[in-house]
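Single-structure report; data block below.
The values are calculated or read from the model by the stated rules, or taken from the named source; none is laboratory data. For clarity, every value in this text was computed on a predicted model and none was experimentally measured. Heads up, the Cβs are rebuilt from the backbone with ideal geometry, glycines too, and the neighbour counts pull from every protein chain shown. Accessible surface is based on the protein model in full, side chains and every heavy atom, while ligands, DNA and RNA are left aside. Shrake-Rupley method; radii C 1.70, N 1.55, O 1.52, S 1.80 Å.
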Amino acid sequence: QRLKAAVHYTVGCLCREVEEDKDVQFSKQSIAAISEITFRQCEIFAKDLEMFARHAKRTTVNTEDVKLLARRSNSLLKYITQKSEELASSNMEQKEKKKKKTSAAKGERTPGEQEAAVTENEDSNMA
């Protein structure tokens, strides 16, 4: 019920924004109808996502499932793909930073630092 109320509230806010922007008005009944349709569609999406994951013999929904769900809307699929790539890139950067911090705390060298140390040792051995 709380989720349904939150959807209704959000739809109401969006309708107000459209009213101001497009100079139209929404009746309370139309806002309620849009809210109900939105909620039901979200339930369908959730079931579809669950089925996609289950079909792939997984228990977790992933970005590929969401992309599959959005496949009929080119603009939505493009947006989801872009955001997914941004998140993946951000996650990789965070993992690299964490790995460097962990290595520095242990007194270990990163692969780049190890390579530089080996080159430095070779140079000193040559002299």
message: If you filter region 71-106 for trypsin sites (Lys or Arg not before Pro), then keep DSSP loop positions with at most 15 other Cβ within 10 Å, what is left?
response: Arg71, Arg72
message: Keeping every protein chain present and rolling a 1.4 Å probe, give me the accessible area per residue for region 1-59 in Å².
response: 85 Å²
query: Label-point separation (nm) for Leu87 and Lys4, each offset 7 Å from Cα along Cα-to-Cβ?
result: 2.8 nm
Scattering curve values for region 1-59, log₁₀ I(q)/I(0), Debye with Cα scatterers, q = 0.21, 0.28 Å⁻¹: -0.79, -1.06
task: Round to the nearest 0.05 the FRET efficiency obtained for Phe39 and Lys95 when R0 = 35 Å and r is the Cβ-Cβ distance.
output: 0.40
query: Can you work out ³J(HN,Hα) from phi for every residue in region 56-63, in order, using Karplus 6.51 cos²θ - 1.76 cosθ + 1.60 and θ = phi - 60°, giving whole Hz and x for Gly and Pro?
result: 7, 6, 10, 9, 10, 6, 10, 5
message: Explain nothing, just compute: Karplus ³J(HN,Hα) = 6.51 cos²θ - 1.76 cosθ + 1.60, θ = phi - 60°, for every residue of region 74-83 in order, whole Hz, x for Gly and Pro.
response: 4, 5, 5, 4, 4, 4, 5, 4, 4, 5
statement: Packing-ranked peptide list from 12-25, 42-55, highest mean Cβ count within 10 angstrom first, is 42-55, 12-25
